[in-house]
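**Student:** Below are the structure tokens for one structure; questions will follow.
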Amino acid sequence: ERTCVVTGAASGIGAAVAESFRASGHTVIGVDVAGGDVHADLSRPDGRRFAVEQLTRRAAAVDVVVACAGLARPEPVTLSVNYFGVVDLLAGLLPLLRRGRSPRVVVVSSVAAVHRTLDSLVQACLDHDEEAALDLGRRAVEAGKGIGIYAASKQALARWVRRTASTEAWAGHGIALNAVGPGVVLTPMIAAEWASPAGREALSRQVPMPLTRGPIDVGQIVRTVRFLADPDNTAVTGQTVYVDGGADAQLRGDRQ
Ligand code: NAD
């Protein structure tokens, strides 16, 4: 039996991941601003600290963290949840992970990470300068480029995974750290846009789905998370595994 922390467990992908671990007999501690075992707002530094405190109180060790909490709003707060909310929470949970058995961490990026995006915003995230990132985010909104904020947050997260996974703090302690990059998955995040013909057309243009010819079943994301989080995964780390019906292959082609 493994102790699994799942953020964003109140809805969508996080809820499906939590349910899957529970159904296999594992202990799940859900973290979400919408409620759950640990009711915390990961957009705020004090909310992240509160979550770490609560989790440290509940568990002596953590074997799995799956970071699903996210926002797709074209606003600066999206950077705080999708990037800083993940990176800060994981930093706070490292001591618990080091006490875990075969510890594994999976974060949820997005195929949007391969879109060309606001490089200065990605850099501010990777520099771990939340004030600068929020300031650049506000300026992007003013310039009518708020739509790029989500892609920037997910690209920064995927690059952080790549930079971090092989370091002594993670690989040196046997902690595998990977990302999944979903394409379009019909969760509450996307449902309203998908419901209108114009929204569906726009999404299909941004995220081509040549294999599935439509949204990805949430179960496909869950099985990839379970593979990466399994103790048997002793070699895959630092990767983003796109579960996207072929969108990354089509959008990025040979470009690294
Ligand atoms: P969702 O809206 O159904 O679930 C997101 C969850 O995150 C919600 O329960 C919400 O309360 C929680 N959350 C939001 N802000 C928070 C905060 N400040 N603190 C704590 N929790 C917070 O969306 P989803 O589709 O399940 O998304 C899960 C992850 O998958 C997100 O990171 C999203 O960016 C990513 N993703 C989704 C899709 C898709 O098509 N649905 C595609 C690519 C990536």
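**Student:** Of the residues A143, A165, A60, which exhibits the maximal mean-square fluctuation in a Gaussian network model of the chain defined by a 10 Å Cα contact cut-off?
**Tutor:** Of A143, A165, A60, the Gaussian network model singles out A143 as fluctuating most.
**Student:** On to the next question. Could you list the residues of the range 127-165 with an amide nitrogen less than 18 Å from a label point located 7 Å from the Cα of Q206 in the Cα-to-C-beta direction?
**Tutor:** 137-138, 140-158
**Student:** If eta is 1.306 mPa s and T is 10 °C, what Stokes-Einstein diffusion coefficient results for the chain, Kirkwood Rh from Cα pairs, in µm²/s?
**Tutor:** Calculated translational D: 87 µm²/s.
**Student:** From the backbone phi of the range 13-19, what are the Karplus-calculated ³J(HN,Hα) couplings (6.51 cos²θ - 1.76 cosθ + 1.60, θ = phi - 60°) in whole Hz, Gly and Pro given as x?
**Tutor:** Karplus values, whole Hz, x for Gly and Pro: 4, x, 5, 5, 5, 4, 4.
**Student:** May I pose another question? Of the options S204, F227, A152, report the single residue whose Cα projects farthest towards the positive end of the charge dipole of the range 120-250 (beta-carbon charges: Lys, Arg +1; Asp, Glu -1).
**Tutor:** S204
**Student:** Residue by residue through the range 131-146, which ³J(HN,Hα) values in whole Hz follow from phi under the Karplus form 6.51 cos²θ - 1.76 cosθ + 1.60 (θ = phi - 60°), with glycine and proline marked x?
**Tutor:** Karplus values, whole Hz, x for Gly and Pro: 4, 4, 5, 5, 5, 5, x, 4, 5, 4, 4, 4, 7, x, 10, x.
**Student:** Expressed as a rounded percentage, what relative contact order does the chain have, with Cα pairs under 8 Å and six or more residues apart?
**Tutor:** Relative contact order, the chain: 20 percent.
**Student:** As a check on your grasp of the helix formula, calculate [θ] at 222 nm for the chain: sum -39500 (n - 2.57) over DSSP H runs of n ≥ 4, divide by the residue count, round to the nearest 500.
**Tutor:** Result for the chain, helices only: -14000 deg cm²/dmol.
**Student:** For V185, enumerate residues with amide H under 5 Å from its amide H, sequence gap 5+ or separate chain, H modeled in the peptide plane.
**Tutor:** Here I216 satisfy the definition.
**Student:** Relative contact order of the range 43-97, please, whole-number percent, based on alpha carbon pairs below 8 angstrom and at least 6 residues apart.
**Tutor:** Relative contact order of the range 43-97: 56 percent.
**Student:** Only four residue types carry charge here, +1 at the Cβ of Lys and Arg and -1 at the Cβ of Asp and Glu. Report the dipole size of the chain about the Cα centre in Debye, rounded to the nearest 20.
**Tutor:** Here the chain has a charge dipole of around 340 debye.
**Student:** From the phi angles alone, apply the Karplus equation (6.51, -1.76, 1.60; θ = phi - 60°) to the range 21-28 and give each ³J(HN,Hα) in whole Hz, x where the residue is Gly or Pro.
**Tutor:** 5, 4, 4, 8, x, 8, 8, 10
**Student:** Now, a different point. Near the amide H of A179, under 5 Å away, which other amide H atoms are found, from residues 5 or more places off or on another chain, if H is placed in the peptide plane?
**Tutor:** Amide H neighbours of A179, under 5 Å, 5+ apart: V107, Q239, T240, V241.
**Student:** Using the heavy atoms of the protein chains alone and a 1.4 angstrom probe, what is the accessible area of the chain per residue in square angstrom?
**Tutor:** It amounts to 45 Å² per residue over the chain.
**Student:** May I ask you to compute the full-extension gain from H26 to V77, defined as 0.36 nm times their residue separation minus their alpha-carbon distance, rounded to one decimal in nm?
**Tutor:** Roughly 15.1 nm would be gained on extension.
**Student:** Further question on the same structure: Once the piece of chain linking R58 and R99 is laid out straight, how much longer is it, given 0.36 nm per residue of separation minus the C-alpha distance between them?
**Tutor:** 13.4 nm
**Student:** With Cβ to Cβ distances under 14 Å as the rule, what net charge do the other residues near R2 carry (K, R +1; D, E -1)?
**Tutor:** So the surrounding residues net to +1.
**Student:** Quick one: which residues, 5+ away or cross-chain, put their amide H under 5 Å from the amide H of V62? H built at 1.01 Å from N.
**Tutor:** Under 5 Å from the amide H of V62: L97, R99, G100.
**Student:** Sticking with this one: Could you work out what % of the accessible surface of the chain is carbon and sulfur, using a 1.4 angstrom probe and leaving DNA, RNA and ligands out of the count?
**Tutor:** Accessible surface attributable to carbon and sulfur in the chain totals 51 percent.
**Student:** I need the shape label for the range 136-227. Rule: rounded when a/c is under 1.5, else prolate if a/b > b/c, else oblate, with a, b, c from the alpha carbon gyration tensor.
**Tutor:** It is oblate, given that a/c is not under 1.5 and a/b is not larger than b/c.
The values are calculated or read from the model by the stated rules, or taken from the named source; none is laboratory data. The structure displayed is predicted, hence computed values, not measured ones. Glycine gets a Cβ as well: all are built from the backbone with ideal geometry, and neighbour counts include every protein chain shown. Accessible surface is based on the protein model in full, side chains and every heavy atom, while ligands, DNA and RNA are left aside. Shrake-Rupley method; radii C 1.70, N 1.55, O 1.52, S 1.80 Å.
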